[in-house]
Amino acid sequence: AIQRTFSIIKPDATRRNLTGAINAKLEAAGLRIVAQKRIHLTKAQAGVFYGVHKERPFYDELCTFMSSEPIVVQVLQGEDAIAKNREVMGATNPAQAADGTIRKEFALSIGENSVHGSDGPDTAAVEIAYFFSGLELVG
Ligand code: CMP
């Protein structure tokens, strides 16, 4: 089925001018960018977004990193978009990411791993709604 998923191009990637290269990989995988904006989160805003990880040891570092520099938030649409995006992103840890994936090519570490993607339909809906209004989704 046609799905929408939420994606972030993280500070390590925007800093290195990789937005276009990452978008090219997303589009080549058949994902359509139906909404996109560049924003700079506060640490508190990053903390709300990553609230499910609040008890993890890396939470503070994650929120500091995600608010350190601008990010690009986007909504991707396509057939099985959630799974397709996770496939093109590659494993969270770039050392385990498959060849040709975004994280294999661009990620610096498990924390500075260039992209985020929703892990399921419920998360996707919540994450999209945190950053975009319905009017901003142009499918
Ligand atoms: P993401 O898909 O954005 O969701 C949670 C993020 O936490 C994950 O990508 C990683 O970037 C980050 N993360 C996961 N494990 C670690 C870790 N051990 N150390 C630092 N960051 C981590």
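Quick look at the values:
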| read-out | value |
| --- | --- |
| Residue 46 aliphatic (A, V, I, L, M), over 23 Å from residue 134 (Cα atoms) and either without any contact (Cβ under 8 Å) to a residue 24 or more places away in the chain or surrounded by 16 or more Cβ atoms within 10 Å (Cβ to Cβ) (or both) | no |
| Segments classed as helices (runs of 4 or more DSSP H), wholly inside the range 1-98, with at least 3 members that are within 14 Å of the ligand (Cβ to nearest atom) | 11-15, 43-49, 59-66, 81-89 |
| Any pair with Cβ under 6 angstrom, 6 or more apart, that starts in the range 20-41 at a residue that is more than 18 Å from residue 136 (Cα to Cα) and ends at one that is assigned to a strand (DSSP E or B) and small (Gly, Ala, Ser) | 30/78 |
| Hey, residue 127 among the charged types (D, E, K, R) and surrounded by 14 or more Cβ atoms within 10 Å (Cβ to Cβ) or not | yes |
| Residues that are free of Cβ contacts under 8 Å to residues at least 60 places away in the same chain and among the β-branched types (Val, Ile, Thr), drawn from the range 1-19 | 14, 19 |
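A quick yes/no check of all residues on (1) out of contact with any Cys (no Cβ under 9 Å at 6 or more places or on another chain); (2) of a type in the set (Ser, Thr, Tyr); (3) closer than 21 Å to residue 123 by Cβ:
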position	(1), (2), (3)
5	yes, yes, yes
19	yes, yes, no
32	yes, no, yes
41	no, no, yes
57	yes, no, no
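None of the figures in this text is laboratory data; all of them are computed from the coordinates on show. Small disclaimer: the values here were computed from a predicted structure and weren't measured. Every residue, glycine among them, receives a Cβ derived from its backbone with ideal geometry; neighbour counts consider all protein chains shown.
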